[in-house]
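Here the structure is laid out as structure tokens; the discussion comes afterwards.
No lab work stands behind these numbers, since they all come straight from the coordinates. Since we're looking at a predicted model, the values are computed, not measured. Cβ placement follows ideal geometry from the backbone for every residue including glycine, while neighbour counts extend to all protein chains displayed.
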Amino acid sequence: MGSHLSKQLERRKAVSTEKKAMTDLEKSCGCEFPGCDYMPSDRKNWMSGVGPEKLHINKIVWPGTHDSATNKIGIRFVSRPFAQCQSLSIYNQLVAGTRVLDIRVQEDRRVCHGILKTYSVDLVLADLKRFLSETESEIVILEIRTEFGHEDPPEFDKYLVEQLGDHLIHQDDHVFNKTVAELLPKRVICVWKPRKSPQPKHGDPLWSAGYLKDNWIDTDLPSTKFESNIKHLSQQQPAASRKHFYRVENTVTPQADNPILCVKPVTKRIHCYAKVFIIECVKRGCADKLQIFSTDFIDKEFVDACVGLTFARAEGKA
């Protein structure tokens, strides 16, 4: 009992120390980065606002959401706080500026996060198609994977192609060098990551797992996650020369050995430091490698930071 209590006290001290480190970093780093003064007039149509003919796919800083379809997961006030990573629906996330969705599914095509489940993936695709019908120049990266511990939904690849049809941008390395305007009217890059089923092949309507990579660091310590994200990002090729998407997640996650297990209070430890991350990337010489930037509980400040840097790149200022 005594050793358990001692470990808990050490963990709380570590969290407190790292929270202070993040606060100190924010105070010392300033507030400017290329594009920081650009504000999209309409987040629902921010790609259109920047200019589809200016936006090369490999130069966009894509605002993304982590565990995107968990807004209604589990039982409200009971199990939901332990797995909910977003408060907005898929449609409202897209309207708010999100352009990368992270969807986890189980055998019956329901969205899940670990053992907890929520609505059918049908609702995700309906929200996506509604957004596409209301906009003209917005490209969305839709990542769908079979959740750990589950089996692939039967014939799920065929289902995705049937549902998204003419919206799909087919798997092709040449896409990365094209502009948004050159890809229209195609609108969706769908990355399907099955656990056992065959991966999509070159030229298929869907993209294989190797086209969306990341280095997931499972921790609830904000400074540890922040610095690990910088380290792994700095080891990548510049985004303009990659033939895959690379994601950085501005999140920390609850750990079993810490008494706070609800997502929101834990992820708040790093949530507000998205701009600090971009500023530090600029200072440390790896801003040209930042591509997909994802978060829990996405908000306008996060979207604006990503769009601002994207605008600077489109104008040749970053």
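For this structure, a couple of remarks:
- Qualifying trypsin sites (Lys or Arg not before Pro) for the stretch 15-89 [loop in DSSP, other Cβ within 10 Å: at most 10]: 76
- The stretch 224-264: C-alpha gyration tensor shape, a/c 1.5 cut-off, then a/b vs b/c: prolate
- ³J(HN,Hα) computed for each position of the stretch 273-285 - Karplus, 6.51 cos²θ - 1.76 cosθ + 1.60, integer Hz, glycine/proline x: 9, 5, 5, 4, 4, 4, 4, 5, 4, 4, 4, 9, x
- Cα gyration tensor category, rounded, prolate or oblate, for the stretch 73-136 with a/c compared to 1.5: prolate
- Here the contact order of the stretch 32-87, divided by its residue count and restricted to Cα pairs under 8 Å and six or more residues apart, works out to 24 percent.
- Cross-link pairs beyond the 23 Å C-alpha cut-off, checked among 13/264; 7/231; 27/231; 59/231; 59/186: 7/231
- Remark: relative contact order (the stretch 225-300) = 46 percent; criterion is Cα-Cα distance under 8 angstrom and separation of 6 or more residues.
- Listed by chain and number, the lysines placed with their C-alpha closer than 17 angstrom to that of residue 44 are 129, 300; residues fewer than eight positions away on the same chain are left out.
- Eligible lysines near residue 193 by straight Cα distance, threshold 17 Å, same-chain separation 8 or greater: 158, 201, 213
- The chain: calculated mean residue ellipticity at 222 nm from DSSP helix runs of at least 4, using -39500 (n - 2.57): -11000 deg cm²/dmol
- In the stretch 21-157, a dipole from Cβ-located charges (positive for Lys and Arg, negative for Asp and Glu) runs towards its positive end, and of 77, 144, 39 it is 77 whose Cα lies farthest in that direction.
- DSSP assigns beta bridges within the chain; of those with both partners inside it, close to 15 percent run antiparallel.
- Whole-Å semi-axes of the stretch 1-139's equivalent ellipsoid (Cα gyration tensor): 34, 27, 11
- Reduced Cα scattering model of the stretch 6-82, Debye log10 I(q)/I(0), q = 0.19 Å⁻¹: -1.01
- Restriction of the trypsin sites (Lys or Arg not before Pro) in the stretch 145-231 to DSSP coil positions whose beta-carbon has at most 13 other beta-carbons within 10 angstrom yields 195, 196, 201.
- Rounded Å value of the spacing that divides the Cα centres of the stretch 179-199 and the stretch 253-285: 29 Å
- Three principal axis lengths of the stretch 111-268 [C-alpha, angstrom, descending]: 48, 37, 33
- Sparse-neighbourhood loop sites, GluC sites (Glu not before Pro) in the stretch 1-53 - DSSP loop, at most 16 other Cβ within 10 angstrom: 32, 53
- Within the listed set 93, 171, 236, the Gaussian network model of the chain (springs between alpha-carbon atoms below 10 Å) gives the highest mean-square fluctuation for 236.
- Under the criterion of Cα pairs below 8 Å and six or more residues apart, the relative contact order for the chain equals 27 percent.
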